[in-house]
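Structure in structure tokens, see below.
Computed from the coordinates by the stated procedures, all read-outs in this text should not be read as laboratory data. What you are looking at is a predicted structure, and each value in this text was computed from that prediction instead of being measured. Cβ atoms come from the backbone with ideal geometry, glycine included; neighbour counts cover every protein chain shown.
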Amino acid sequence: MKLLLALAVIVIASIGIWLGGVRIIVVQPIGALPEGTTIVVAGVGNVRLIDSPDAMCNRHQGGVSLLCRAAALGAIAENGKILLRLPYSETLFRITGGPFRDG
């Protein structure tokens, strides 16, 4: 019974976060950002709950380029409000479906 209640709370909280416009954006380590980062933003449209610039580029253009990655990050920064900055999470990045680069 406690497990079912906990699951219901998680589902309701997730729906509330989604409807509230809060998103998790994961930026894979790249030259300009060698450590990578995970940011929690609000007010960004057309973005999945957990997403990355690489996954966005892959979905819309069929591949990732530096120009597309920069444009995606710029749109997120311009249209959203950064609520929290966290360290890069490989697990979250893999959830986004973005192409993973080893090394």
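Select, from Ile39, Ile12, the only residue that is surrounded by 10 or more Cβ atoms within 10 Å (Cβ to Cβ) and more than 21 Å from Phe93 (Cα to Cα).
Checking each option against the conditions leaves just Ile12.
Let me ask something else about it. If I filter the stretch 76-100 down to residues being within 16 Å of Asn58 (Cα to Cα) and more than 12 Å from the chain's Cα centre (by Cα), which single residue comes out as surrounded by the most Cβ atoms within 10 Å (Cβ to Cβ)?
Pro99
I would also like to ask the following. Can you name every residue in the stretch 33-69 that is in contact with a strand residue (DSSP E or B) (Cβ under 7 Å, 6 or more places away or on another chain) and either assigned to a strand (DSSP E or B) or of a type in the set (Asp, Glu) (or both)?
Selection gives Leu33, Thr37, Thr38, Ile39, Val40, Val41, Ala42, Ile50, Asp51.
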